[in-house]
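See structure below.
The values are calculated or read from the model by the stated rules, or taken from the named source; none is laboratory data. In this text the structure is predicted, and so the values were computed from the model without any measurement. No Cβ is skipped: glycine too gets one built from the backbone with ideal geometry, and neighbour counts run over all protein chains shown. To get the accessible areas, we keep the full protein, side chains included, count just its heavy atoms, and leave off ligands, DNA and RNA. Shrake-Rupley method; radii C 1.70, N 1.55, O 1.52, S 1.80 Å.
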Amino acid sequence: MTVPAPAAGPRTAAPADTVAGLLAEISRVGADPHRGGYSRPVFSSAEFDLRAWFLAHAAKRGLDVETDRNGVIWAWWYTPAGDTANAVVTGSHLDSVPGGGAFDGPLGVASALVALDILRAGGLRPERPLAIAVFPEEEGSRFGVACLGTRVLTGAIDVDLARGLRDQNGDSFAEVAAKSGFDPAFLGPDPEALARIGTFIELHVEQGRVLIDRHQPVGIGSSILGHGRWRLSVTGQGNHAGTTLMTDRHDPMIAAAGIVMAIRDTARAQPGTRATVGRLEPVPGGTNVIASRVDLWLDARHPDDAVTAAVVATILAEARLIAANEGCTVQLTEESVSRTVSFDSALRDHLSLLLPDAPVQDTGAGHDAGILTQFVPTAMLFVRNPTGVSHSPEEYVEDDDAEAGARALALVLADLLVPAST
Ligand code: GLV
Ligand code: MN
Ligand code: MN
């Protein structure tokens, strides 16, 4: 197994215009010296640098590029007739979680460019248009809602709600969009853009171990586990760390600690559940200050949406008891929910014919493909990650596997772009 390279600095001397070569070009963008890995929030300077990188590569390939009113980039390779209907769309995202890996998102974008190069080098004459899409805020790391770009595009989120979402600085999505050159009045569902998509294929780094265990570089997605995010706000009494006796405290941090443990135990008691608290914020947050409030974020996932809802209800009931024992109260706010979705079965089976060695696998990770599959035939390809780790600097893809992924994507795209050849 290759040891992951540090985030900053070219990780490889891979040739230009290979997937590894393309990713090496952006290996310093958004590198996070404090957390490690990459922090590339949507509409940050890092994400705009990545957009510029993609736009340069699209221009180099003579693609017709538009960034739409929702901040989605579309780079078009038209048919000779120049139409945009029934397009085959591939792509992914360029934003990251805080301190994330190099591949979650950018691998799908770089692979799309290389797949296009492969198709053109092979002299393919498309009978359907191809677009490479880059979707904003897939991770929901800045505004809290997963896959915000595709939710807004498809109307899966109320646009006023979306405009009012706030980042950790308190800036709303509308304000940040405006500062980034997007008129918030024009954010919203885009039925015309959606209607152009005939088929969507997202290639993504695998975020688990199926492909390691199956000794295969590429897999085919079957479904995405339902997942959601909830904020638990535990309120107590802010006070002085030195003068407040232990018996006199209403410390929400103590309640929060108990709630975190209860979340772990509740998830363990319900097979198939994954529950995580990866973010916790004491307010005001001082070493010598008993917090007045602690916000903690619950990420809960299960294949059965009813089980997820029951798990969250159990957690809330337990959180209330734990908080009451500390003289605190707790409030739960739902921030983002994605139900379990399956990809188009006919398309998935067709991909299995094209890629007979590729395991068909579900995933516990969310993707824009999970939003789009509710509107258009959608499929996913996964590329082996030899560490099995993701949302971490340890996420990795071997150069050979990255090229195998791009070739698999090219094979699938060729089949879709020239239907008569199948
Ligand atoms: C995104 O990668 C998620 O699964 O949260
Ligand atoms: Mn992703
Ligand atoms: Mn991710």
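Each row is one residue, and each column tells you yes or no for (1) part of a loop (DSSP other than H, G, I, E, B); (2) within 16 Å of ligand 1 (Cβ to nearest atom).
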position: 134; (1), (2): no, yes
position: 139; (1), (2): yes, yes
position: 143; (1), (2): yes, yes
position: 151; (1), (2): no, yes
position: 162; (1), (2): no, no
position: 168; (1), (2): yes, no
position: 174; (1), (2): no, no
position: 177; (1), (2): no, no
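When 268, 279 are checked against the criterion of being assigned to a helix (DSSP H, G or I), open to solvent by 40 Å² or more (accessible area, probe 1.4 Å) and of a type outside the set (S, T, N, Q), a single residue qualifies: 268. Taken as a whole, the structure places residue 296 among residues that are more than 15 Å from residue 227 (Cβ to Cβ), open to solvent by less than 40 Å² (accessible area, probe 1.4 Å), touching a Lys or Arg at 6+ places or on another chain (Cβ under 9 Å) and touching a residue at least 60 places away in the same chain (Cβ under 8 Å). Do you know which of the residues in region 303-322 that are touching a Gly at 6+ places or on another chain (Cβ under 8 Å) and touching a residue at least 40 places away in the same chain (Cβ under 8 Å) is nearest to residue 272 (Cα to Cα)? Looking at residues that are touching a Gly at 6+ places or on another chain (Cβ under 8 Å) and touching a residue at least 40 places away in the same chain (Cβ under 8 Å), I get 303. Determine whether region 77-84 contains at least one residue that is part of a strand (DSSP E or B) and either over 17 Å from the mean Cα position of the chain (by Cα) or more than 24 Å from residue 123 (Cβ to Cβ) (or both). Within region 77-84, one or more residues are part of a strand (DSSP E or B) and either over 17 Å from the mean Cα position of the chain (by Cα) or more than 24 Å from residue 123 (Cβ to Cβ) (or both). Tell me whether region 101-113 contains one or more residues that are in a loop (DSSP other than H, G, I, E, B), open to solvent by 10 Å² or more (accessible area, probe 1.4 Å), of a type in the set (A, V, I, L, M, F, W, C) and within 13 Å of ligand 2 (Cβ to nearest atom). Yes. With respect to the stated conditions, residue 90 fails to be assigned to a loop (DSSP other than H, G, I, E, B) and more than 16 Å from ligand 3 (Cβ to nearest atom). Within region 232-249, not a single residue is open to solvent by less than 40 Å² (accessible area, probe 1.4 Å), modelled with pLDDT of 95 or more and farther than 22 Å from residue 327 by Cα.
The single residue among 196, 142, 214 that is within 16 Å of ligand 3 (Cβ to nearest atom) and assigned by TED's automatic domain parsing to the domain that holds residue 396 turns out to be 142.
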